[in-house]
Structure formats: structure tokens, C-alpha cells
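S.K.: Below is the structure I would like to discuss, written out as C-alpha cells.
The values are calculated or read from the model by the stated rules, or taken from the named source; none is laboratory data. No experiment lies behind these values; they were computed from the predicted model shown. Glycine gets a Cβ as well: all are built from the backbone with ideal geometry, and neighbour counts include every protein chain shown. These accessible areas exclude ligands, DNA and RNA; they are computed on the full protein's heavy atoms, side chains included. Shrake-Rupley method; radii C 1.70, N 1.55, O 1.52, S 1.80 Å.
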Amino acid sequence: KMVLSCRILADEGHESALSGQIPQRGEKPGTYWMLSFGLGFDEAQASNIVLCDDDLNLLEGDGMVNPSNRFHLWIYRHRPDVSAIIHTHPPYCSALSLLGEPLVAAHMDTSMVYDDCAFLAEWPGPPIGDEEGQLIHEALGDNRSILLAHHGQLCACSTIEEAAVLSVFIERAARMQLLARAVGKIKELKPEAAKEAHDYRLQPKAVGATFHYFARRVLRKHSEALE
């Protein structure tokens, strides 16, 4: 599922060279699976996923632990409900993050991030240390996702499927926002309807069906991904 998530996001335009991470909790407490450092999402295969501990020491696999995953550990330590994190620098989220304003989920298709996407208004610098991890985890709060100023997006979810689907749709929400802003003022959704749509779109069966569709589409083009 991690490999498929990497390939899905690569095909959705989330690639930004080596920027972005998809760490997921391992079976044992304090362990995390991730793509080996130095590889792009489009190169992910089952053979290049590695396991590390809470100090980013390599435990299993043939590869390198990504040091940028340190700030994700802050989220894991404070959010026991989170089992998968996806952080990317996709073009529209990155462009929106330059404007100093939060994401507006004002379309049915992007309602899954309605009132569930935090905003970090100030860039703390490259997120490779504990200070950046603390700032980002505190800004995220109990939300599933966050737009990071001058940076990108992050989704912290209960499953890798949910994190992948949310990452796809937060980027689409940013694209819609920028397109709509170029024409006029965005008319926001009615809160009660938006909340209902948010909960409906995030039902596990709905998320699973969407992830499986994206996965089938990826595997038609990249059958080698699971080798």
C-alpha cells in the first residue's frame, strides 16, 4: 500500500525531486516503514521500503533512512490515532502556500478536507530538526491535514489509504481555489452541508474504493511497482 501510494501521488503530480515522505507505523511500537532515501515516488517498489526505529536507525531493508522523517515522529508521538503520514510538495498546494492564506474546501469533491485542514502561516525552515517537528505537530492539532506556508501539504491519518486519498484531494482543492480566485471571490459551502459531505466522503468504504481505483490505474501503467 505504501508503494501504491507513492506511485499514485507521482502520477498525480506530487513529485518534487526527492522532497516528500510517506512514513507509516511498523508492527512494533516505535518503528516506521518508509521509502529509502534518495528515491523518488515514481521509483518506489516493494524491495526499496525500509524500516527504522524512533531514532531513525535502520532496522530492516536495503537502503537509507530519510533524515527528513524526524519531524513526522513528533506527530506520531502525540497522535496515537495516526498510523500513516504523507507529506508532499505538489505544485498547487505549494503555490497556495505562498499567499499566506489557508485552504478553502468549497467543492463537493474536496469536502473531505472541510474544517479538517490546519494552516501553518510561518515557514520554520527545512523540517529536519526537533524545533520544526514541534511547530508542525502543534499547528496540525487534531486535524487530518495541514497546509504548510512556503512548503507544501501533510496528511496524518488512521490508514495509508486515507492519507493517500486526502493528499490527492487536498492538491485538487488548492488547484480549484487558485483557479476560482483568478475569476472572482469564492463562495464557501454551508457549514452543515459541508460537514455532512466531509463525513460521508471519509467513510472507510468510500476511501477504500477510491484508493483501489487509483491503485488499479497505477498498476495498469506500472506493474513492476509490487516486485
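S.K.: Do we find that ARG181 is open to solvent by 40 Å² or more (accessible area, probe 1.4 Å) and either closer than 30 Å to TRP33 by Cα or hydroxyl-bearing (Ser, Thr, Tyr) (or both) in this structure?
M.R.: Details: open to solvent by 40 Å² or more (accessible area, probe 1.4 Å): yes; either closer than 30 Å to TRP33 by Cα or hydroxyl-bearing (Ser, Thr, Tyr) (or both): no.
So ARG181 fails the test.
S.K.: Checking the structure you have, find out if any residue of segment 89-103 is more than 21 Å from ALA139 (Cβ to Cβ) and not small (Gly, Ala, Ser). Outline the logic, then answer.
M.R.: Initially, segment 89-103 is screened for residues more than 21 Å from ALA139 (Cβ to Cβ), giving 91.
Filter once more, so that each one left must be not small (Gly, Ala, Ser): 91.
The answer is yes; a qualifying residue exists.
S.K.: Considering only segment 82-97, how many residues are part of a loop (DSSP other than H, G, I, E, B) and over 14 Å from the mean Cα position of the chain (by Cα)? Even if it seems obvious, please write down each step before you answer.
M.R.: Just the residues of segment 82-97 that are part of a loop (DSSP other than H, G, I, E, B), to begin with: 82-83, 89-90, 97.
With the extra rule that they be over 14 Å from the mean Cα position of the chain (by Cα), the set shrinks to 97.
Residues meeting the conditions: 1.
S.K.: Out of (1) at pLDDT 95 or above; (2) touching an Asp or Glu at 6+ places or on another chain (Cβ under 9 Å), what's the single condition that is false for MET34?
M.R.: (2)
Quick grid of which residues meet (1) basic (Lys, Arg); (2) modelled with pLDDT under 95; (3) in contact with a helix residue (DSSP H, G or I) (Cβ under 9 Å, 6 or more places away or on another chain):
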position: PRO80; (1), (2), (3): no, no, no
position: ILE86; (1), (2), (3): no, no, yes
position: LEU96; (1), (2), (3): no, no, yes
position: GLY100; (1), (2), (3): no, yes, no
position: GLY129; (1), (2), (3): no, yes, yes
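S.K.: In addition: Starting from residues that are among the charged types (D, E, K, R) and assigned to a loop (DSSP other than H, G, I, E, B), keep the ones in segment 98-121 and report whichever is farthest from VAL207 (Cα to Cα).
M.R.: Taking segment 98-121 and keeping what is among the charged types (D, E, K, R), we get 101, 109, 115-116.
From what's left, assigned to a loop (DSSP other than H, G, I, E, B): 101, 115-116.
Numbers: GLU101: 28, ASP115: 18, ASP116: 16 Å.
Here the answer is GLU101.
S.K.: Just the residues that are open to solvent by 70 Å² or more (accessible area, probe 1.4 Å) and modelled with pLDDT of 95 or more, please, taken from segment 188-198. Quick ask: steps written out before the conclusion?
M.R.: Here is the first cut: in segment 188-198, the ones open to solvent by 70 Å² or more (accessible area, probe 1.4 Å) are 188, 190-192, 195-196.
Residues satisfying the conditions are LYS190, PRO191, GLU192, LYS195, GLU196.
S.K.: Tally time: how many residues in segment 1-15 are of a type in the set (D, E, K, R), open to solvent by less than 60 Å² (accessible area, probe 1.4 Å) and assigned to a loop (DSSP other than H, G, I, E, B)? Lay out the reasoning, then the answer.
M.R.: Filtering segment 1-15 for residues of a type in the set (D, E, K, R) gives 1, 7, 11-12, 15.
Remaining after also requiring open to solvent by less than 60 Å² (accessible area, probe 1.4 Å): 7, 12.
Cutting the leftovers down to assigned to a loop (DSSP other than H, G, I, E, B) gives us 12.
The total comes to 1.
S.K.: Also: Could you please tell me which pairs satisfy a Cβ distance under 9 Å, a separation of 6+ or placement on different chains, a first residue in segment 34-61 that is in contact (Cβ under 8 Å) with a residue 24 or more places away in the chain, and a second residue that is assigned to a loop (DSSP other than H, G, I, E, B) and among the acidic types (Asp, Glu)?
M.R.: Cβ pairs passing all conditions: SER36/ASP62; GLY40/GLU15; PHE41/GLU15; ASP42/GLU15; GLN45/GLU227; ALA46/GLU227; SER47/ASP62; SER47/GLU227.
One line per residue, one yes/no per condition, for (1) surrounded by fewer than 23 Cβ atoms within 10 Å (Cβ to Cβ); (2) touching a helix residue (DSSP H, G or I) at 6+ places or on another chain (Cβ under 8 Å):
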residue	(1), (2)
ALA118	yes, yes
ALA121	yes, no
PRO126	yes, yes
GLU132	yes, yes
LEU140	no, yes
ALA149	yes, no
LEU154	no, yes
THR159	yes, yes
ALA164	no, yes
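S.K.: Considering only strands (runs of 3 or more DSSP E) fully contained in segment 16-81, which possess at least 1 residues that are open to solvent by 60 Å² or more (accessible area, probe 1.4 Å)? Even if it seems obvious, please write down each step before you answer.
M.R.: Details: elements: 31-35, 49-53, 58-60.
In segment 16-81, the matching strands (runs of 3 or more DSSP E) lie at 58-60.
S.K.: List the residue pairs whose Cβ atoms are under 9 Å apart, where the first residue sits in segment 202-223 and is open to solvent by 90 Å² or more (accessible area, probe 1.4 Å), the second is assigned to a helix (DSSP H, G or I) and basic (Lys, Arg), and the two are 6 or more positions apart or on different chains.
M.R.: Partner pairs satisfying both residue conditions: LYS221/ARG7.
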